[in-house]
Amino acid sequence: MASRPGILTEWPWKPLGSFKYVLLAPWIIHSSYSVLVKDKSERDISTFLIFPFLLWRMLHNQIWITLSRHRTAKGNTRIVDKGIEFDQVDRERNWDDQILFNGLLYYLAAYTLDGASRLPLWRTNGVVMTILLHAGPVEFLYYWLHRALHHHFLYSRYHSHHHSSIVTEPISSVIHPFAEHISYFLLFAIPKLTLVFTKTASLVAMMAYVTYIDFMNNMGHSNFEIVPKWLFHSFPPLKYLMYTPSFHSLHHTQFRTNYSLFMPFYDYIYGTMDKASDQLHESALKRGEETPDVVHLTHLTTPESIYYLRIGFAYLASKPYTSKWYLWLMWPVTAWSMILTWLYGRTFISEGNRFDKLKLQTWAIPKFNLQYLLQSQKVAINRMIEEAILDADRKGIKVVSLGLMNQGEDLNIYGGLYVNRHPKLKVKVVDGSSLAVAVVINSIPKGTTQVLLRGKLTKVAYAIAFTLHQQGIQVATMREDDYMRLKKSFTTSETDLIITKNCTQTIWLVGDGLTEDEQLKAPKGTLFIPYSQFPPRKYRTDCYYHYTPAMLAPHSIENVHSCEDWLPRRVMSAWRIAGIVHSLEGWNEHECGYTMHKIDKVWRSTLQHGFQPLSVAAKELEEHQICGAAFVAVVDNDDIDVQGELALDTTTSEVFQPHLRMEESGRVVLVAVEVAKVVVFGKTSVDVAITLEEENNSNSNSNRENDTANLMSLYNSGKRIGVGGSRSSRLSDTCLAQARLLGPTIFSHKGTVKTPATLTYLFTYHDHDYLGRLSRWTFKHITETDVRADSDDGYLGSDDDIDLKELAEIESWHRVNE
């Protein structure tokens, strides 16, 4: 959205959400009915073709999205290296609104304007007129409209929304406020209305012109150079009639140059052409394919998963994989892609990232889960994996990590097959098993004395059982064959490894093969922690399901705008992270076959590089969209203006749903927000999160005493409480002392010794100078450690990123000293 949104910013059908397409239904039904019912001489084919043409425009845009994402991941001819993030994907998800808008106006014109329907296929004079009108009035008027949009008044209210995307994708071209799209439609309507009014319109002229606009828009925002240098050398005038992606990229990075639509002619005339245009064009064309340091080798899972790849549907790729009913409408494309990969397929690059100086890529094997289970496909799959590893070795890549079923014991002995075949491999093959074990072990709640292990016994499962045995945690199994195989793997006593029939354990470590009947045996409230690559199917609503082994990626990993399979945003699987850590640490050995790294060593190294463990709370809150934060409230007979979902004013014991905007008036009092029992890092839970704020009136001392009393009242009622405060707070010693007795607390104001805490998600506004700066975060975001802090003083609640390693150390210190 623009920095100061003006009128007509939002699309009028935004409240309809995905149901916005029903606006086209009456027009589509009417035009289709007319073609089917009327005589051949009365049929209006041109109006009937409007809907297929809209579908073609969507397909055309998607082709460019896929092509651009693939090329930028490879790196050759890439223009800007800076990555894009999820906020840009979210901002640009409504790219189809302009197609819907155009479609409605096309139908309206066809039914109301004489000469806009029953169009012939071709008219030469209309095609020539379209070319001339575009090169003349359209390009000229667009140039000056664009310059006007860069004036502060219009830019801040409209055009800044488009320029929020410094690094563009093809579809960034149509991300504008509704008011801008109205002006663009009127501009591009000049040739089309002229043809209609002069009776020279044709299907080719109309549809080819719109396709040309889409093509040039997508190409110009694609962030890779596609226009060859020889084209301008062979035909020099073309340089003034056709822009390039690098030409328009400079407009998004420099802002005040290269305003032209598609023809740079006007930038040359009015002196606004960027002097670096030619140089950037040549340098981008010379850029070769990027050689990464680390490659993660994954594969497709289900036929629908192709749409969730980064090179698939951008919005779906930005969400964890879940089956969508509307993807069944794509079954012809899905079936065709599955047959194609079954008969022929090559490993392809699906994603590229950067972690400081480390270059990362994800390669995908075009095979599905079903194919990995077929004996007839194993030779072909092994050959593709082996070729990918050898290709990485030739390119000088340091590490290849094997994801999902690319490291099966039956398939390739956890990747050891390739190392045995090629003992001189320079690239290190990593199966990530040691980190997967570490993640599972550290997901088990502290104080657990017994767990149940159920599922296919793999290298990871054996290592988990052995590690738990060393820690004195009893491991139970449901099946005798599992018990015997585990017993053979290490020397143990009967009390460390047992067979159970009653399944009273509330911590289940589960792998592939867990059945519905087995899940139904679990007690209510059981926590299922997967150790397998794939999550178990959820049959219980009264139990908790942890993520598959994964961790939250540090913010220094750039260009992360797609989800890894079913994992949430910015979360990476342990197997993928293992390859990254292996390269960062410079370990010079393989981790595949039946070998493993030391689990503690891998875990410590992973944390040191900024990866953070996930809690079951993150998963539950993500699924249930529970919202909470620490709030301040303003009283003294003034309306309270606080943002949030549910707040408790402990001065009045009143629970309210704040919905207004914060205003700068009255005194600030203690307010608490009721939340679900939130488990933070899997270790600590609270019922109420509160913030203690300074009161700015003469009765502050008495009010502070009230705050202390209210705080103790909550504590005495059995509530588990987390406390926070702003930097301007000056709380009484009594209040501070009592708060520290409550357990995990954190104070972020001067003059107070910070109590080491696990509750790092309590936030307040920055200062009293402007109450509108109240920090408002959902626990969903907070558990992803999207934390803010004041860079000067280290206070929670301002605008700069906090060092999460410090918070992790605080949490660790507190656990040790509990």
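Within the stretch 93-124, take every residue that is assigned to a loop (DSSP other than H, G, I, E, B) and among the aliphatic types (A, V, I, L, M) and give me the one that is surrounded by the fewest Cβ atoms within 10 Å (Cβ to Cβ).
Here is the first cut: in the stretch 93-124, the residues assigned to a loop (DSSP other than H, G, I, E, B) are 93-96, 113-123.
Cutting the leftovers down to among the aliphatic types (A, V, I, L, M) gives us 113, 116, 119, 121.
Values: Leu113: 13, Ala116: 22, Leu119: 24, Leu121: 10.
Applying the filter and picking the extreme gives Leu121.
Residues in the stretch 41-68 that are over 30 Å from Pro245 (Cα atoms) and in a helix (DSSP H, G or I): Ser41, Glu42, Ile45, Ser46, Thr47, Phe48. May I ask you to list the residues in the stretch 565-593 that are out of contact with any helix residue (DSSP H, G or I) (no Cβ under 9 Å at 6 or more places or on another chain) and of a type in the set (Gly, Ala, Ser)? Within the stretch 565-593, Gly579, Ser583, Gly586 qualify.
Within the set Leu468, Leu509, the sole residue that is touching a Lys or Arg at 6+ places or on another chain (Cβ under 9 Å), closer than 30 Å to Gln608 by Cα and at pLDDT 90 or above turns out to be Leu509. Here Glu480 meets each of (1) charged (D, E, K, R); (2) within 17 Å of Gly579 (Cβ to Cβ); (3) without any contact (Cβ under 8 Å) to a residue 40 or more places away in the chain with one exception, condition (2).
Given the condition surrounded by fewer than 18 Cβ atoms within 10 Å (Cβ to Cβ), among the acidic types (Asp, Glu) and in a helix (DSSP H, G or I), answer yes or no: does some residue in the stretch 30-40 qualify? Step through it out loud before you land on a result.
Start the filter on the stretch 30-40 by keeping residues that are surrounded by fewer than 18 Cβ atoms within 10 Å (Cβ to Cβ), which leaves 30, 32-40.
Restricting the remaining residues to those that are among the acidic types (Asp, Glu) gives 39.
Then drop every residue that is not in a helix (DSSP H, G or I), which leaves none.
Checked against the condition, which is being surrounded by fewer than 18 Cβ atoms within 10 Å (Cβ to Cβ), among the acidic types (Asp, Glu) and in a helix (DSSP H, G or I), the stretch 30-40 yields no hits at all.
When Ile498 is tested against (1) modelled with pLDDT of 90 or more; (2) in a strand (DSSP E or B), only condition (1) is not met. Can you find a residue in the stretch 396-416 that is hydroxyl-bearing (Ser, Thr, Tyr), closer than 15 Å to His299 by Cα and surrounded by 15 or more Cβ atoms within 10 Å (Cβ to Cβ)? Among the residues of the stretch 396-416, at least one is hydroxyl-bearing (Ser, Thr, Tyr), closer than 15 Å to His299 by Cα and surrounded by 15 or more Cβ atoms within 10 Å (Cβ to Cβ), which makes the answer yes. Looking only at residues in the stretch 430-480 that are on the phi > 0 side of the Ramachandran plot and under 36 Å from the mean Cα position of the chain (by Cα), the one that is surrounded by the most Cβ atoms within 10 Å (Cβ to Cβ) is Gly432. Considering (1) out of contact with any helix residue (DSSP H, G or I) (no Cβ under 8 Å at 6 or more places or on another chain); (2) surrounded by fewer than 17 Cβ atoms within 10 Å (Cβ to Cβ); (3) farther than 28 Å from Arg604 by Cα, the lone condition that Gln519 does not fulfil carries the number (2).
You will find that of Ser165, Ser202, the residue that is of a type in the set (Ser, Thr, Tyr) and under 17 Å from Thr72 (Cα atoms) is Ser165 and no other.
Scan the stretch 225-239 and tell me whether some residue there is of a type in the set (Phe, Trp, Tyr) and under 31 Å from the mean Cα position of the chain (by Cα). Reasoning before the result, please.
To start, the set of residues in the stretch 225-239 that are of a type in the set (Phe, Trp, Tyr) comprises 230, 232, 235.
Cutting the leftovers down to under 31 Å from the mean Cα position of the chain (by Cα) gives us none.
No, there is no match, as no residue in the stretch 225-239 is of a type in the set (Phe, Trp, Tyr) and under 31 Å from the mean Cα position of the chain (by Cα).
When the stretch 179-201 is filtered for residues that are under 32 Å from the mean Cα position of the chain (by Cα) and not in a helix (DSSP H, G or I), nothing remains. How many residues are at pLDDT 95 or above, within 23 Å of Asn76 (Cα to Cα) and surrounded by fewer than 18 Cβ atoms within 10 Å (Cβ to Cβ) when one looks only at the stretch 234-256? The number of residues fulfilling the criteria is 0.
Only residues that are basic (Lys, Arg) and either touching a Cys at 6+ places or on another chain (Cβ under 8 Å) or surrounded by 21 or more Cβ atoms within 10 Å (Cβ to Cβ) (or both) were counted in the stretch 322-376, giving 1.
Within the stretch 489-499, is there a residue that is within 16 Å of Ser532 (Cα to Cα) and either out of contact with any helix residue (DSSP H, G or I) (no Cβ under 8 Å at 6 or more places or on another chain) or touching a residue at least 60 places away in the same chain (Cβ under 8 Å) (or both)? Scanning the stretch 489-499 turns up no residue that is within 16 Å of Ser532 (Cα to Cα) and either out of contact with any helix residue (DSSP H, G or I) (no Cβ under 8 Å at 6 or more places or on another chain) or touching a residue at least 60 places away in the same chain (Cβ under 8 Å) (or both).
So is Leu55 farther than 26 Å from Trp363 by Cβ, at pLDDT 95 or above and loosely packed, with under 15 Cβ neighbours inside 10 Å or not? Spelling it out, Leu55 is indeed farther than 26 Å from Trp363 by Cβ, at pLDDT 95 or above and loosely packed, with under 15 Cβ neighbours inside 10 Å. Exactly one residue out of Arg310, Arg287 is within 25 Å of Ser350 (Cα to Cα) and surrounded by fewer than 20 Cβ atoms within 10 Å (Cβ to Cβ): that is Arg287. Selection of the stretch 60-117 for residues being farther than 21 Å from His281 by Cβ, touching a residue at least 12 places away in the same chain (Cβ under 8 Å) and aliphatic (A, V, I, L, M) yields Ile65, Ala73, Ile84, Val89, Ile99, Leu100, Leu104, Leu105, Ala109, Ala110, Leu113, Ala116.
The residues on offer are Gly115, Gly83, and the sole one that is in contact with a strand residue (DSSP E or B) (Cβ under 9 Å, 6 or more places away or on another chain) and at pLDDT below 95 is Gly83. Scanning the stretch 540-565 for residues that are loosely packed, with under 15 Cβ neighbours inside 10 Å and farther than 23 Å from Asp87 by Cβ yields a total of 2.
For the stretch 496-503, the criterion of being on the phi > 0 side of the Ramachandran plot, in contact with a Cys (Cβ under 9 Å, 6 or more places away or on another chain) and not aromatic (Phe, Trp, Tyr) is satisfied by no residue at all. Within the set of pairs 6 or more residues apart or between chains, which connect a residue that is buried (at least 16 other Cβ atoms within 10 Å of the Cβ) inside the stretch 182-205 to a residue that is of a type in the set (Phe, Trp, Tyr) with Cβ atoms less than 6 Å apart? The qualifying pairs are Leu187/Tyr142; Ser202/Trp122; Val204/Trp122. Checked against (1) within 28 Å of Gln377 (Cα to Cα); (2) in a helix (DSSP H, G or I), Val439 passes all but a single condition, namely (1).
Within the stretch 67-104, which residues are among the basic types (Lys, Arg) and more than 14 Å from Thr168 (Cβ to Cβ)?
Filtering the stretch 67-104 for residues among the basic types (Lys, Arg) gives 69, 71, 74, 78, 82, 91, 93.
Hits for the stretch 67-104 are Lys74, Arg93.
The criterion of at least 3 residues that are within 26 Å of the chain's Cα centre (by Cα) is met by the following strands (runs of 3 or more DSSP E) wholly inside the stretch 506-558: 527-530, 550-552.
The values are calculated or read from the model by the stated rules, or taken from the named source; none is laboratory data. All values reported here derive from a predicted model rather than from experimental measurement. As a convention, Cβ positions derive from the backbone with ideal geometry for all residues, glycine included, and neighbour counts pool all protein chains shown.
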